[in-house]
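Novice: Please find one structure pasted underneath; my questions will follow.
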């Protein structure tokens, strides 16, 4: 067993975990159940988090290698009382159905817009290519990212 | 009250979506319970065999192991995992722990341990000795006397339906009207074709999960990722031998179902283990287990013969379906029935019709409910078959369909003939805007510009194809839903429904229906679904029933509450009830005097002032018919003649679901179903090795379409009004998955002239077809 | 749960010392180890703190530090070597979150399924540079032939001599957009007027994992670009395949040859037909 300090959504946490644990299991164990387990093989993207601001599949990252790092989950972007424009846009466009892929989908969108505030549809697709959704057919997800990008750009002006 | 609707027909925000987008939605695996034990299964490594001995001694000695359950130590009765009404139309042909294994991946037993890792390690250490038995992989050989019989014990069908395990027949549907042979004799030509469809998986993003714990009264509470909480409670009681009143099933947020969670798979095991050890238990499948131990779409062989006269009239149609139900008969009879009952009524003017359907056992994964439910398989054959006949006649496919499909005011003999384990229900179609769906869809895809033009760019050739389908709205005279509602001090309402939102948005649309009936804004409806302790019964989320059946229950319930409100208001205002109207925003108005009273005053009056009582209501609904939604779907594809690759460029769905309660959610259902159907058509398949083991049980090799694969997707809602539906609504959740495979196959034919009769339409198959054509 | 020692060295020397002996392996992104499991491993040497994150271009020679990820290489090269084959191959391999995590060093040590690195290395004459017990510079063919080279050895960079100024074409065969390729085709060429100065063609995914199609290269080199039409590319590009989930050996072999032909047409005749 190991003990380590992790920063989740800006808060310092101490976790106890096994040497071979992956971040997905550890972060859920620590109560961050908004990180979802869909396949545990990097194939669905439901477990994506931002590690030092970079989008990764948390099932593909060993916990030990993330010690001391900043981790952001969807709960770190906004809350139901003060949602992030992306969270708002997903709600408004109908991009949320069962919602299981949604936290990771929003984080992917966030990572994309950080790098590229005004993405084309093709760039949106590329940015979200590791996140599977079985409910929506992605149409409204693309619409949501477009909507949020527009609003965030307007806000920055 | 004006006719202008305030909520129905409006794209209000899905009520749980903000919580889900902010990571606040809790799914079954997210609940922390006190000191849980964990369950891990061990499975058959053989397609078929008898268990001779199970040695669990070394596994029991491993760290953290609490118990191990298997046929050697745990007796369990026959039941079905199919989450259907009672008694189920599926045979009782399995036990929690069978002493005979019938497919590679069949559950042999499970380990209960302090951690998941310990449970899995011990599960791998249980030694099982088998007597191998011959496998049966080919459904065509299931009736062969030389083939093994998979169920030759006490298995039985709890309903009086055809069940002949001695012939490996898990279900049978026979029906005809007119004289098919005479019809064929009158025909100028007979189109005679065989189509084959394949295994597929639902791939809901959330794997199946159950979390069991005890409440302070010692009752067993199950959080479960289920589409059918009430069936789950009943089946847990039956299979695990726990009194039903000691069980509470709570459905939290569900990460998609598509039929895969209409199966009561994990709940009985988690309940059994928790009940024995009086501790919390968590059971969660990993993705590979979802593929092999979860349920699948039943593969079909569809043999279709149609007699046609030169003038284009169809004289007879004969459908002979062979369905592979795998090792157990979950949903066997009913999926099979739907392959006829949802398909044949579409061309209702054919005078001579026969349907012979047989569901047979094999030593392969188990079929189950899957969005489309047999109609998907049937329509793959039907639409290509009819496209071919139209081409033979030299008629445009769309014109061919328009002059033959069922219309408003018409019926079909099939409705009465084929039910779901019972006789069907006769009905007249009272809303059908399929012609408009066809016209608007054709316009959107560019039918006139593309059809038959074979526009070529290098090796790529363009084609366009269409498919038309219908489905139902619940199972008539079988599916029952109920709702209850009470009024609060401020004029808000608690709405309790058994209807099970699995991500579809049913909590939202049922709230819209209630809010519409009571003329209050959406936030005044506080909905809770579904909890077997709190909410009234509902069969659950399946058979395209929620909007129509549960919606009617909610509407009736809300109207009942409304009449109580009016009666209290009448006594408050001292005027006759019939002079009062309910006004938007929650007011009751006496128009003649201009006096009005708000809902909150009415509520407070009834709660605190005089003749006190709780304004409340409850209602149930069981449909006496199952109005069909209709859809026309269109695919524009490019086919690479040198590699066989098929690229779906554009896809259009135009559907009639009556009055859409929430157009955005309606579009979402269609778009999701359409893309899922495209995956089913092109890339999703179960690959087996020679021993019947699935070799691609993960997302790296079972390929579902991702965001990069999305074609230009257009969705058209053609409104109609279904007189029997709540505010004119019909269903929409399933139908959109039926059209993509045949529309794409018809488009491939349009592009390169090969008829693809076997799913999936992989590049290799297309290339082989092209080469054998040359 | 398994007992594992984790080390986080700051220098290459320290890392090499730690790698000595038995079952210690380097860890960078961890994506392969996470899926493959750690049953044969007793200690991991994390490379994150090593100074192996760099992209250097020096008179046409490109050197990429082992800790660069697929995503960072594709992004970095867009600025310093626009049009380079690695931008297309690594920038579209697998998925965004995996591209952010898979490092070149990790990929070169394992060549996992989604390696879109193999073909480009073969045509770019890429070298794997390593330090430690088997330190040195290896071409890709030598490296993948002998897995024991990796014992007690740390990949430090990938080196691509003469990496600039190529016309290139890359093709990855996938079933859906997010997939590992069942084969890849890499073509590089330099054309002088209408004459093919140099052409290099690699096919990955066959039984030999990656092959340079030397006979085809020779048939085209020094000739007019239009000579392509008189070369029987389909038979010269036919290599044996095993069965894969995406198709039979015969099918994959045939369509790989078709894609080689198309890549050549794209590069030599500037035709875009993919």
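Novice: Go over the candidates B:542, B:548 one by one and state the one that is part of a loop (DSSP other than H, G, I, E, B), closer than 26 Å to residue B:17 by Cβ and in contact (Cβ under 8 Å) with a residue 12 or more places away in the chain.
Specialist: B:542
Novice: Right, here's the next one. Please go through the stretch B:217-236 and give me each residue that is in a loop (DSSP other than H, G, I, E, B) and closer than 15 Å to residue B:537 by Cα, ordered by number.
Specialist: Residues satisfying the conditions are B:226, B:227, B:228.
Novice: Shifting gears a bit: For residue A:23, are the conditions met, namely being within 11 Å of chain B (Cβ to nearest Cβ) and either out of contact with any helix residue (DSSP H, G or I) (no Cβ under 7 Å at 6 or more places or on another chain) or touching a residue at least 12 places away in the same chain (Cβ under 8 Å) (or both)?
Specialist: Values: within 11 Å of chain B (Cβ to nearest Cβ): no; either out of contact with any helix residue (DSSP H, G or I) (no Cβ under 7 Å at 6 or more places or on another chain) or touching a residue at least 12 places away in the same chain (Cβ under 8 Å) (or both): yes.
Considered against the rule, which asks whether it is within 11 Å of chain B (Cβ to nearest Cβ) and either out of contact with any helix residue (DSSP H, G or I) (no Cβ under 7 Å at 6 or more places or on another chain) or touching a residue at least 12 places away in the same chain (Cβ under 8 Å) (or both), residue A:23 comes out as no.
Novice: Starting from the stretch C:13-39, keep only residues that are modelled with pLDDT under 85, then list their pairs with residues that are part of a helix (DSSP H, G or I) whose Cβ atoms are within a distance under 6 Å, requiring at least 6 positions of separation or different chains.
Specialist: C:32/C:110; C:34/A:60
Novice: Here is a list of conditions, (1) at pLDDT below 95; (2) closer than 13 Å to residue C:154 by Cα; (3) touching a strand residue (DSSP E or B) at 6+ places or on another chain (Cβ under 8 Å), and residue C:107 meets all of them except one; can you say which number that is?
Specialist: Of (1) at pLDDT below 95; (2) closer than 13 Å to residue C:154 by Cα; (3) touching a strand residue (DSSP E or B) at 6+ places or on another chain (Cβ under 8 Å), only one is false for residue C:107: (3).
Novice: Give B:422, B:456, B:411 a once-over and let me know the one that is surrounded by fewer than 18 Cβ atoms within 10 Å (Cβ to Cβ) and modelled with pLDDT under 95.
Specialist: Numbers: B:456 fails: modelled with pLDDT under 95; B:411 fails: modelled with pLDDT under 95.
The conditions single out B:422.
Novice: State the number of residues belonging to the stretch B:277-286 that are within 14 Å of chain A (Cβ to nearest Cβ) and either surrounded by 24 or more Cβ atoms within 10 Å (Cβ to Cβ) or in a loop (DSSP other than H, G, I, E, B) (or both).
Specialist: Residues flagged as within 14 Å of chain A (Cβ to nearest Cβ) and either surrounded by 24 or more Cβ atoms within 10 Å (Cβ to Cβ) or in a loop (DSSP other than H, G, I, E, B) (or both) within the stretch B:277-286 amount to 4.
Novice: With the requirement that a residue be more than 20 Å from residue A:91 (Cα to Cα) and more than 12 Å from chain C (Cβ to nearest Cβ), what does the stretch A:120-142 give you? Explain how you work it out, then say what you get.
Specialist: Of the stretch A:120-142, the ones more than 20 Å from residue A:91 (Cα to Cα) are A:120, A:122-123, A:126, A:129-130.
Across the stretch A:120-142, the qualifying residue is only A:120.
Novice: Now a separate question. Please tell me if residue C:50 is over 24 Å from residue C:118 (Cα atoms) and either at pLDDT below 95 or facing chain A (nearest Cβ under 9 Å) (or both).
Specialist: For residue C:50, the condition - over 24 Å from residue C:118 (Cα atoms) and either at pLDDT below 95 or facing chain A (nearest Cβ under 9 Å) (or both) - is not met.
Novice: Taking the stretch B:644-656, which residues are crowded, with 23+ Cβ neighbours inside 10 Å and within 11 Å of another protein chain (Cβ to nearest Cβ)?
Specialist: Once the filter is applied, which keeps residues that are crowded, with 23+ Cβ neighbours inside 10 Å and within 11 Å of another protein chain (Cβ to nearest Cβ), the stretch B:644-656 yields B:644, B:651, B:653.
Novice: I need the full set of residues from the stretch C:169-224 which are over 24 Å from residue C:255 (Cβ atoms) and in contact with a strand residue (DSSP E or B) (Cβ under 7 Å, 6 or more places away or on another chain), in order please.
Specialist: Those that are over 24 Å from residue C:255 (Cβ atoms) and in contact with a strand residue (DSSP E or B) (Cβ under 7 Å, 6 or more places away or on another chain): C:190, C:191, C:194, C:195, C:196, C:197, C:198, C:221, C:222, C:223, C:224.
Novice: Pairs, please: C-beta under 6 Å, at least 6 apart or cross-chain, first residue in a loop (DSSP other than H, G, I, E, B) and in the stretch B:118-132, second buried (at least 18 other Cβ atoms within 10 Å of the Cβ) and modelled with pLDDT of 95 or more?
Specialist: What qualifies is B:126/B:42; B:126/B:56; B:126/B:59.
Novice: Right, here's the next one. Exactly one condition in (1) surrounded by 15 or more Cβ atoms within 10 Å (Cβ to Cβ); (2) in contact with a strand residue (DSSP E or B) (Cβ under 7 Å, 6 or more places away or on another chain); (3) free of Cβ contacts under 8 Å to residues at least 24 places away in the same chain; (4) under 15 Å from residue C:160 (Cα atoms) is false for residue C:97; which is it?
Specialist: (4)
Novice: OK, next. From the set of residues in the stretch A:106-119 that are touching a residue at least 60 places away in the same chain (Cβ under 8 Å) and closer than 14 Å to residue A:48 by Cα, which is farthest from the other protein chains (Cβ to nearest Cβ)?
Specialist: Only one residue fits best here, namely A:110.
Novice: If you scan the stretch C:69-86, which residues turn out to be buried (at least 20 other Cβ atoms within 10 Å of the Cβ) and within 13 Å of chain A (Cβ to nearest Cβ)?
Specialist: C:69, C:70, C:71, C:72, C:74 - these are the residues of the stretch C:69-86 that are buried (at least 20 other Cβ atoms within 10 Å of the Cβ) and within 13 Å of chain A (Cβ to nearest Cβ).
Novice: So if I check each of B:648, B:652, which one is in a strand (DSSP E or B), at pLDDT 95 or above, under 25 Å from residue B:770 (Cβ atoms) and touching a helix residue (DSSP H, G or I) at 6+ places or on another chain (Cβ under 8 Å)?
Specialist: On the way: B:652 fails: under 25 Å from residue B:770 (Cβ atoms).
Of B:648, B:652, the one residue that is in a strand (DSSP E or B), at pLDDT 95 or above, under 25 Å from residue B:770 (Cβ atoms) and touching a helix residue (DSSP H, G or I) at 6+ places or on another chain (Cβ under 8 Å) is B:648.
Novice: Please count how many residues of the stretch B:684-709 are at the interface with chain C (Cβ under 10 Å from one of its Cβ atoms) and surrounded by 23 or more Cβ atoms within 10 Å (Cβ to Cβ).
Specialist: Residues meeting the conditions: 9.
Novice: State all residues of the stretch A:1-15 that are surrounded by 16 or more Cβ atoms within 10 Å (Cβ to Cβ) and either within 14 Å of chain C (Cβ to nearest Cβ) or farther than 13 Å from residue A:32 by Cα (or both); if no residue qualifies, say none.
Specialist: The one that is surrounded by 16 or more Cβ atoms within 10 Å (Cβ to Cβ) and either within 14 Å of chain C (Cβ to nearest Cβ) or farther than 13 Å from residue A:32 by Cα (or both): A:4.
Novice: Select from the stretch B:252-276 the residues that are in a loop (DSSP other than H, G, I, E, B), away from chain A (no Cβ under 14 Å) and either within 21 Å of residue B:534 (Cα to Cα) or touching a strand residue (DSSP E or B) at 6+ places or on another chain (Cβ under 7 Å) (or both) and list them in ascending order.
Specialist: B:262, B:264, B:266
Novice: Residues of the stretch B:521-532 being within 25 Å of the chain's Cα centre (by Cα) and part of a loop (DSSP other than H, G, I, E, B), which ones? Before the answer, list the steps.
Specialist: Residues of the stretch B:521-532 within 25 Å of the chain's Cα centre (by Cα): B:527-532.
Across the stretch B:521-532, the qualifying residues are B:529, B:530, B:532.
Novice: Would you confirm whether any residue within the stretch B:728-738 is away from chain C (no Cβ under 12 Å) and over 19 Å from the mean Cα position of the chain (by Cα)?
Specialist: yes
Novice: Among all residue pairs at least 6 apart or on different chains, which show Cβ distances below 7 Å where the first residue, located in the stretch B:4-31, is more than 7 Å from chain A (Cβ to nearest Cβ) and at positive phi and the second is surrounded by fewer than 23 Cβ atoms within 10 Å (Cβ to Cβ) and part of a loop (DSSP other than H, G, I, E, B)?
Specialist: Between residues of the stretch B:4-31 that are more than 7 Å from chain A (Cβ to nearest Cβ) and at positive phi and residues that are surrounded by fewer than 23 Cβ atoms within 10 Å (Cβ to Cβ) and part of a loop (DSSP other than H, G, I, E, B), the close pairs are B:9/B:659.
The values are calculated or read from the model by the stated rules, or taken from the named source; none is laboratory data. No experiment lies behind these values; they were computed from the predicted model shown. No Cβ is skipped: glycine too gets one built from the backbone with ideal geometry, and neighbour counts run over all protein chains shown.
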